[in-house]
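Any read-out appearing in this document is the output of simple, stated calculations on the displayed coordinates, not a laboratory observation. What you see is a predicted model; the values in this text were computed from it and never measured. For neighbour counting, all protein chains shown are included, and Cβ atoms are generated from backbone atoms with ideal geometry for every residue, glycine included.
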Amino acid sequence: MKTKIILLTFLLTAGLVHSQAKKWTLKACIDYAIKHNINVKQTELDSEDAEIDKSSAVGNFLPTARIGVSHSWNIGLNQNITTGILENQTTQFTSAQGVINVDIFKGLQNVNTLRRANLNILANRYKLADMKDDISLSVANGYLQVLFSRENLEVAKAQYAVTEQDLKKTRELVESGVVPKGDLLEIEATAATQEQQIVNAENELRLSRIALAQLLLIDDYENFDVADEDFVLPEADVLDHSAKSIYQKALTFRNDIKYSEANVELARKDLDIAKGALLPTLSAFYGYDTRISYQDRSVGTGEFDIVPIGVVPSTQEEVVTARERMGVRGPLPFFDQWTMNDGHSYGLQLNIPILNGFSARNTMKKSQVNLERSKNQLEQDKLDLDNAVHQAWNDTRASYKSYEAAGKALEARREAYNYARERFNVGLMNSFDFAQAQARVDNAEAELVRTKYDYIFKLKVLEFYFGIPLDEL
C-alpha cells in the first residue's frame with residue numbers, strides 16, 4: 001500500500017513539474033490563440049453558413065417536386081352514385097397529386113446566386129485570415145512585452161549586483177577612514193532604491209505574463225511563461241525597400257484588402273441578381289393526379305328485360321328494346337381505379353413583370369448604392385493600408401536610430417561611471433555625485449532595453465506588411 005502511495009505521489013509530482021516547466025514559444029502562442037479565440041470560432045461558423053448558402057444556390061438549378069395525398073369523408077346528404085338519389089350517407093374518397101416544376105430561364109438569377117455564394121465563401125476565408133493576422137500581431141506584441149519585462153528585470157538585478165559590490169567597497173573605505181560614513185549611507189539608499197526597482201520589475205513581468213495568458217484564454221497564470229530563447233537583434237533588411245514598394249507588395253496579399261475586394265464583387269453580384277428580377281421568367285411544369293372511390297357501384301347482371309320505348313305512328317306497333325338488369329357491387333380494386341382515373345398535365349409558364357409596386361426596381365437601386373459603398377470602402381482600406389505602411393516604415397527607422405543612440409549613451413554613461421567610481425574610491429568624489437552617476441547608468445540601461453524592444457516590435461509590424469510571418473522573432 002505504501003509503495004502505491006509513493007508511486008502515485010511521484011507521478012503527480014512529475015506531472016506538476018512537467019506542467020510548470022513548459023515554456024511557450026511565439027509560434028505556440030500564436031497557434032494556441034488562433035485555435036481558441038472566440039471571434040475566430042464565430043467566423044468559422046460564418047464560413048459554414050456560406051457553404052450552406054452555396055448548397056442552396058446549387059439546389060436552385062434542380063426541379064422542384066411535390067406529392068400530395070388526401071383522404072376525405074363526406075358525411076350527410078350525398079348523392080348515391082349507384083341509384084343517383086340524394087341520401088344521408090358517408091362516402092370516402094382518396095386522391096393523389098404530383099407536380100414537378102423546372103425553371104428554364106429566370107433572368108440568370110440562379111447563375112448569379114451561385115456565383116455570389118462562391119464569392120461569399122472566398123470573402124469569409126479572407127475575413128478569417130485577416131482576423132488571424134490581427135491576433136498574431138497582438139500575440140507578438142504581448143510576447144515581446146514579456147521578453148522586455150524579463151530583460152528589464154535582469155538589468156535591474158545586474159545593477160543591484162554592481163551596487164552591492166560598491167556597497168562592500170564603501171564599507172571598507174569608511175572603516176579605513178578614506179570616505180565619510182555619509183557616503184556609505186548614500187550607497188545604501190541607492191541599493192534600497194534598486195531593490196524597489198527589482199520588485200517593480202518582477203511585478204511588471206508577472207503582469208505581462210498574465211496579459212499574454214489572458215490573450216491566449218489560459219487561466220493558469222502561475223505556471224504560464226514564455227520560452228528562454230537566445231535572442232538576437234534581427235536584421236532590418238526590410239528597410240532597404242521604400243515604403244511605397246512595401247505598400248505595393250502589401251496590396252497583393254493583405255487579407256483585409258482581399259476581403260474588401262471580395263465585398264465589391266459580392267455587391268456586383270447582388271446588383272446582377274436584382275436586375276434579373278426585372279426580366280421575364282420561363283418555367284415548365286408537369287402534373288399527375290388520380291382519384292379512388294370506396295362507394296358501391298351499379299353494374300349489369302347479364303340479364304335483360306324487354307322494355308317498350310314507344311309505338312310506330314302509322315301502324316301503332318309497339319317498339320321495345322332490351323335493357324340489362326342492374327345490380328349493386330362493391331367498388332373496383334384500389335389499383336384498378338388508380339390507373340382508370342389518373343390524368344396528366346404539362347406545359348410552359350411565362351411570367352412577365354410589369355408592375356410590383358416598384359419593389360424590384362428599388363431593390364436594384366439599393367444594390368447600386370451598396371456597390372458604390374463597397375467601392376468606397378475598398379478605397380478607404382487602401383488609404384488606411386498606405387498610411388499604416390508609411391507610419392510603420394517611419395516608426396521603424398526612428399526606433400532603430402533611437403536604439404543606436406541609446407547604445408551610444410549607455411556606453412558613454414558606463415565610461416563616466418567607471419571614471420566616477422575610481423574617483424570615489426580614492427575620495428575625490430562624494431557619494432551623492434557617485435550615486436547620480438550610477439543612476440544615469442541605470443536609466444541608460446533601462447532606455448536601451450526599452451528602445452530595443454520598441455524597435456523589434458515596430459520592425460516586426462513592418463515585416464508583417466512586407467509578407468514576413470510573425471511566427472518567429
task = Give me the orientation-averaged projected area of the Cα convex hull of the range 290-404, in nm², one decimal.
result = 23.2
request  = Treating only the Cβ atoms of Lys and Arg (+1) and Asp and Glu (-1) as charged, compute the dipole magnitude of the chain about its Cα centre; round to the nearest 20 debye.
outcome  = 680
query = Which residues' amide hydrogens lie under 5 Å from the amide hydrogen of Asn60, considering only partners 5 or more residues apart or on another chain, with H built in the peptide plane?
reply = none
request  = Quick one: order Trp24, Trp73 by neighbouring beta-carbon count within 10 Å, fewest to most.
outcome  = Trp73, Trp24
key: Summed residue charge, Cβ within 9 Å of Tyr465's Cβ, Lys/Arg positive, Asp/Glu negative   = +1
note = Filtered hits (lysines, Cα-Cα < 25 Å from Lys375, offset >= 8 within chain) -> Lys54, Lys127, Lys132, Lys244, Lys249, Lys258, Lys269, Lys275, Lys365, Lys366
request  = Would you compute the Debye intensity of the range 171-236 from its alpha-carbon atoms alone, equal scatterers and no solvent, and pass along log10 I(q)/I(0) at q = 0.25 Å⁻¹ to two decimals?
outcome  = -1.03
key: Global form of the range 304-360, assessed from the alpha-carbon gyration tensor, a/c cut-off 1.5   = oblate
remark   = Quick numbers on the range 226-284, Rg and Dmax over C-alpha atoms in Å, give 23.6, 73
query = Among all the lysines, which ones have a C-alpha under 24 Å from Lys157's C-alpha, if same-chain residues fewer than 8 places away are not counted?
reply = Lys23, Lys168, Lys169, Lys408, Lys452
inquiry  = Restricting to Cα atoms and excluding each atom paired with itself, what does the Kirkwood estimate give for the chain in Å?
reply    = 32.6
note = Length gained, Val69-Asn362, 0.36 nm per residue minus C-alpha separation, equals 101.4 nm
note = 1/(1 + (r/R0)^6) with r = Cβ-Cβ of Leu167 and Lys23, R0 = 41 Å, i.e. FRET efficiency to nearest 0.05, evaluates to 0.75
ask   = Which percent of the Cα-Cα distances in the range 381-440 go past 12 Å?
value = 73
